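Contents: one structure, followed by commentary.
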Amino acid sequence: MKKFFSVADVDSLEAIVQEALSLKANPNAYEHLGKHKMLGLVFLNPSLRTRLSTQKAAMNLGMNVMVMNMDKDGWALETRDGVVMNGTTVEHIREAAAVMGEYCDILGLRSFPSLKDKEADYTEDLFNKFVKYCGVPVVSLESATRHPLQSLTDLITITEHKKVAKPKVVLAWAPHVKALPQAVPNSFAEWMSKAQEQGLVDFTIAHPAGYELAEEFTQGATITHNLEEALQGADFVYVKNWSSYKEYGQVYPVSDNWMLDNQKLTLTNDAKVMHCLPVRRDLELSSEILDGPNSLVIKEASNRVWAAQVVLKRMLENLNK
Ligand code: CP
């Protein structure tokens with residue numbers, strides 16, 4: 001594996017999940033694989049889980065890790081080509097990425113979308129330039145349109161906790177006070193759509209009108225504007241807010257109550273509830289669910305280590321060929 005950016009970078013979902021679970025059972029089995037190899041984690045935006053779980057995964061593989069908080073500690077980055085840099089930007093991504101590639105064997109990049117320029121965000125301009133100029137394998141730590149380490153984690157967690165061979169999985173839009181990216185729901189939809197194609201899940205998306213995701217991510221999913229209808233018989237409910245794709249980055253007033261609570265959960269097949277975190281309590285998701293027996297959010301966050309570790313392991317194996 002030379003790049004981990006989307007579900008397209010994985011051949012068999014079942015194989016990568018089983019490999020991740022075998023790493024979970026024996027975390028240090030490959031601790032010699034990363035000896036004398038350097039992982040660089042570059043953050044243009046905040047992170048708790050991605051930052052810590054990816055470092056832990058790398059250490060389990062015997063790697064050294066450097067973390068660069070580019071948003072706070074780096075020079076102001078220019079990403080446009082052909083501009084005279086006489087403004088506030090100090091360093092071009094061409095040099096910055098190339099230099100980081102000199103220091104590291106594998107790089108990770110977190111780069112949120114602007115939510116202003118749909119074309120630049122959805123062509124993944126920044127992520128693609130970073131890959132092009134750094135010259136080493138790159139793992140996405142969440143880009144403008146996708147969060148693949150989170151989605152792989154979610155599939156691992158569903159596989160571990162499912163009680164039926166083909167569980168019903170519902171992605172449920174939730175309220176928020178800010179305009180959030182579509183990266184997590186896009187990515188979850190992309191991975192679940194592929195899992196559905198492979199007969200692993202039944203996949204439904206519920207959101208208010210106006211919050212349609214880009215069609216490229218939702219092929220084959222059942223899509224409804226009725227949350228109660230979607231929740232009927234659900235085995236897993238994945239709660240997440242996102243802003244509008246069509247009216248890019250906009251937030252519409254929503255009249256119905258879209259927050260999941262125990263009363264709504266009675267419609268489900270005693271569904272387990274997931275969220276990528278961070279979560280705003282009693283706005284996106286009720287405290288009674290987060291503190292109750294149906295919540296998987298901490299186990300899900302814990303599984304971030306095994307998703308990162310299987311991806312880094314595959315990249316290291318490719319380096320060592
Ligand atoms: N879920 C997730 O990516 O968390 P962080 O933003 O804290 O890394």
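Quick notes on this structure:
- The distance between label points at V83 and D282 comes to 4.3 nm (points 7 Å beyond Cα on the Cα→Cβ vector).
- Think of each Lys and Arg Cβ as +1 and each Asp and Glu Cβ as -1; about the Cα centre, that makes the dipole of the chain roughly 840 debye.
- Extension gain, K299 to H176, is 41.9 nm, computed as 0.36 nm per intervening residue step minus the present C-alpha separation.
- For region 268-321 and region 196-243, distance of Cα centres in Å: 18
- Assigned charges on the beta-carbon of Lys, Arg, Asp, Glu; region 150-301 dipole about Cα centre (debye): 260
- The chain: angle of helix 49-60 to the longest principal axis, Cα-based, in degrees nearest 10: 60
- Accessible-area order (highest first, 1.4 angstrom probe) of the listed residues H207, H161: H161, H207
- Taking all protein chains into account, the per residue accessible area for the chain stands at 44 Å² (1.4 Å probe).
- Folded to 0 to 90 degrees: helix 148-161 orientation relative to the chain principal axis, Cα: 40
- FRET efficiency estimate (nearest 0.05) - Cβ-Cβ, S114 to V254, R0 22 angstrom: 0.40
- Cα-projected label distance for V67 with K35, points at 7 Å along beta-carbon direction, nm: 2.7
- Rounded to 10°, Cα long-axis angle of helix 13-25 versus longest principal axis of the chain: 80
The values are calculated or read from the model by the stated rules, or taken from the named source; none is laboratory data. Here the structure is a predicted model, which means the values were calculated and not measured. When we count neighbours, we look across all protein chains shown, and the Cβ atoms used for this are built from the backbone with ideal geometry, even at glycine. Note: accessible area is taken over every heavy atom of the protein model, side chains too, but ligands, DNA and RNA are not part of it. Shrake-Rupley method; radii C 1.70, N 1.55, O 1.52, S 1.80 Å.
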